[in-house]
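The values are calculated or read from the model by the stated rules, or taken from the named source; none is laboratory data. Nothing here was measured: the structure is a model prediction, and the numbers come from that model. Heads up, the Cβs are rebuilt from the backbone with ideal geometry, glycines too, and the neighbour counts pull from every protein chain shown.
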Amino acid sequence: MDQDTEPKHVHRGLKKGLYVIPTAFTAANIGMGFLAVLYSIRGFQIVQTDPLSASSYFNHAAIAIGLAILFDTLDGRVARMTKTATELGVQFDSLADVLTFGIAPIALTYAWGIGASLQYESSAHALGVFLLFMYLMCGAFRLARFNIQATRPRVLIEGTPKLDKKYFVGLPIPPAAGLLAAIVHYAPMPLSYYGEGFAHFYTYLLMILIAVLGVLMVSTIRYASFKNASLGRRNLYLVLVVAAFGMLMWLYSQYMLLILSAAFVSHGVIWYVLRTIFSGRSSNPENFEVET
């Protein structure tokens, strides 16, 4: 009797242990966001007196956000592979994303750009703080909308887009934060290092980018999710592509991360514009052939 019941207990214990794995990746995500905030604060403390050391802290903060994106990707895939996805895990992951991809990039971009180059009492500084706040609000709203669509995948009100696993509705907050982190990783020196004129110019461009990212997150533009990508025989070359990108990131991380993050953020907008153009042409009566 004991021999018959022992495997069942072992199986149950193994099943319970599988639930810990996605949670561990989410905890690592939170840890990277926590470190990114601390590195940003430390860099801001010495940004005026020692910009070179401050750039090192900013770079470490950007790398921490990049690693958090990796952990955030893995926790969802591991949960789906092991069939351990739960509603609690969805909520926990979203709370982690608010910190790591909402507050952490705000702290980084403020310390590296807006706070370092603009006078504290100036109207431009106030505008920058407002845009950072709106970025955080848009990101939180984006996560709340995703949770509703994930837990109740049906049309809640008229006009609400249906949930499609192939696409995200609106720009996800991790790639938005990834683009900001990639920019800092590409040029970690604080913007105040480039002189007042260039510092203000770059800061204004950064503020425009933050506003655009916020709008994209709450938009209905669709972004590819790549959730259906598998490693079967047909997609065997995907392994080679991933390996090649991994090596290029290791050798040229400053360029590759910036290119990949910019490509992901822009591809949804490009597809939206192309669909709008071609759908407009197809709906034009002059483009239809009339059968006689």
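The table for this structure:
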| item | result |
| --- | --- |
| Whichever residue in segment 56-91 is at pLDDT 95 or above and over 20 Å from the mean Cα position of the chain (by Cα) and, among such residues, is farthest from residue 37 (Cα to Cα) | 56 |
| Within segment 222-246, considering residues that are of a type in the set (D, E, K, R) and under 20 Å from residue 175 (Cα atoms), the one modelled with the lowest pLDDT | 227 |
| Selection status of residue 114, part of a helix (DSSP H, G or I), among the β-branched types (Val, Ile, Thr) and at pLDDT 80 or above | yes |
| Filter pass, residue 249 being within 20 Å of residue 183 (Cβ to Cβ), in contact with a helix residue (DSSP H, G or I) (Cβ under 6 Å, 6 or more places away or on another chain) and at pLDDT 90 or above | no |
| Residue under evaluation residue 191, criteria (1) at pLDDT 95 or above; (2) surrounded by 15 or more Cβ atoms within 10 Å (Cβ to Cβ), criterion not met | (1) |
